[in-house]
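Q: I have a structure I would like to understand better, so I am pasting it below and will then ask my questions one at a time.
The values are calculated or read from the model by the stated rules, or taken from the named source; none is laboratory data. Keep in mind that what you see is a predicted model, and the values were worked out from it rather than measured. Glycine gets a Cβ as well: all are built from the backbone with ideal geometry, and neighbour counts include every protein chain shown.
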Amino acid sequence: MLSTLYLVLPVFILVLIGYIIGGTSLFPKEGRKALTNFVYYVAVPALLFRSMAEGAMSGGVDVTMLVAFYSCGLMVLALAGLVGKVVFKLPTREATVFAMGSSFGNTVLLGIPIVNTAYGEAGATLLYSIIAFHALILMTIPMMVLEVTKGPAASFGAILKEAAGSLYKNPIILGLAAGIAWSFTGYGLSDVVSDVVDKLADAATPAALFALGTSLSNSKIEGVVAHALTMTFIKLVVHPLMALGFGVALGLEGLPLAIMVLTAALPAGNNVFIVASTFSVFLRRAVAAIILTTMLAVLSTTAVIEMIPIGP
């Protein structure tokens, strides 16, 4: 167990360093935003493009893993929404953000570094296939509910158009799609282009972890703490356990099972904050859940890596 903890701990130490330095005058708000933009719009898309362009998906997609992961994710989203409504008596809009914070993980800024560290490129390739649909499924549904309930109901077509537009401009999706498209051309990258892409891609992991820390540095655990604690329990305990159950029920084992359960054990993603902020709903409690889950995810991810064998 300790060896696995030592494997994962450096990832979270980089987040902690970013958290500490991000709270100093070295990183004012504009600096934190610029670093996050570099990671999200440049470095991570370059990493995904390189992996896809080099044929990471040439072996195909593990459809069973995706079905298991997203069946579980939708179940957790629904159950968490019920907990918000029935247990905490939250209004529908607040229960929706509560549900998203309990089911939407930080697959990019934290998931990619952890999976690369623990499972290498083979594990990362499986994670990329999950990332390709992550926002489409587990972010679009809460956004649609929030859009419908914010006032005069918009048409379903207009809501779908807005959701599709947000995905069309998503740099993570664009990086994946561009890399897959390039892999089908059969051409490699020129030495100069390859060198540039490599340098940007190699910066993605440390920059993403540091940026995650800086983005949390000025945040506080505020609001009804019971809400944030419950979201944390659902995200880091219930979600991975349910993912394990879905995976085993569908016959998964080894690396695909480990990746889907580890992804479920990741902390709440920054997109939860973006949605809560955009719609001005449940914001302080959503931020509190992101902080708590990020702090405790070192335990949930270590447990998954330790407990699920991936074979010889």
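Q: Filter the helices (runs of 4 or more DSSP H) completely within region 1-109 down to those with at least 2 residues that are touching a helix residue (DSSP H, G or I) at 6+ places or on another chain (Cβ under 6 Å) and at pLDDT below 95.
A: Of the helices (runs of 4 or more DSSP H) lying wholly inside region 1-109, those with at least 2 residues that are touching a helix residue (DSSP H, G or I) at 6+ places or on another chain (Cβ under 6 Å) and at pLDDT below 95 span 2-22, 29-38, 44-53.
Q: Which numbered condition in (1) closer than 27 Å to Arg32 by Cβ; (2) touching a Pro at 6+ places or on another chain (Cβ under 8 Å) is the only one that Gly254 fails?
A: (1)
Q: Now for a different question. Have a look at Gly245, Gly269 and point out the one that is touching a strand residue (DSSP E or B) at 6+ places or on another chain (Cβ under 8 Å) and within 20 Å of Ala78 (Cβ to Cβ).
A: Gly269
Q: Looking only at region 253-277, which residues are free of Cβ contacts under 8 Å to residues at least 60 places away in the same chain, in a helix (DSSP H, G or I) and either surrounded by fewer than 22 Cβ atoms within 10 Å (Cβ to Cβ) or not aliphatic (A, V, I, L, M) (or both)?
A: Scanning region 253-277 gives Gly254, Phe273, Ile274, Ser277.
Q: Oh, and also: Restricting to region 278-291, give me the number of residues that are more than 15 Å from the chain's Cα centre (by Cα), surrounded by fewer than 22 Cβ atoms within 10 Å (Cβ to Cβ) and over 23 Å from Asn170 (Cα atoms).
A: Residues flagged as more than 15 Å from the chain's Cα centre (by Cα), surrounded by fewer than 22 Cβ atoms within 10 Å (Cβ to Cβ) and over 23 Å from Asn170 (Cα atoms) within region 278-291 amount to 1.
Q: Please indicate, with yes or no, whether at least one residue in region 139-157 is modelled with pLDDT under 85, part of a helix (DSSP H, G or I) and farther than 30 Å from Leu266 by Cα.
A: yes
Q: Quick check on Phe98: is it under 19 Å from Thr293 (Cβ atoms), in contact (Cβ under 8 Å) with a residue 60 or more places away in the chain and not acidic (Asp, Glu)?
A: When the stated conditions are applied, Phe98 passes them.
Q: A further question follows. Which condition number does Leu252 fail, the rest of (1) closer than 30 Å to Phe49 by Cα; (2) modelled with pLDDT of 95 or more; (3) touching a Leu at 6+ places or on another chain (Cβ under 9 Å) being met?
A: Against the list (1) closer than 30 Å to Phe49 by Cα; (2) modelled with pLDDT of 95 or more; (3) touching a Leu at 6+ places or on another chain (Cβ under 9 Å), Leu252 comes up short only on (3).
Q: Quick one: in region 215-243, which of the residues that are under 17 Å from the mean Cα position of the chain (by Cα) and among the polar types (S, T, N, Q) is modelled with the highest pLDDT?
A: Thr232
Q: Still on this structure, I have one more. For region 126-151, enumerate the residues that are touching a Phe, Trp or Tyr at 6+ places or on another chain (Cβ under 9 Å) and β-branched (Val, Ile, Thr).
A: Passing the criteria: Ile130, Ile137, Val148.
The rows are residues; the columns are (1) in a helix (DSSP H, G or I); (2) of a type in the set (Gly, Ala, Ser); (3) in contact (Cβ under 8 Å) with a residue 40 or more places away in the chain; (4) more than 30 Å from Tyr19 (Cα to Cα).
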{"site": "Ile173", "(1), (2), (3), (4)": "yes, no, yes, no"}
{"site": "Ala178", "(1), (2), (3), (4)": "yes, yes, yes, yes"}
{"site": "Phe184", "(1), (2), (3), (4)": "yes, no, no, yes"}
{"site": "Asp195", "(1), (2), (3), (4)": "yes, no, no, yes"}
{"site": "Leu200", "(1), (2), (3), (4)": "yes, no, yes, no"}
{"site": "Ala204", "(1), (2), (3), (4)": "yes, yes, yes, no"}
{"site": "Ala207", "(1), (2), (3), (4)": "yes, yes, yes, no"}
{"site": "Phe210", "(1), (2), (3), (4)": "yes, no, yes, no"}
{"site": "Ser215", "(1), (2), (3), (4)": "yes, yes, yes, no"}
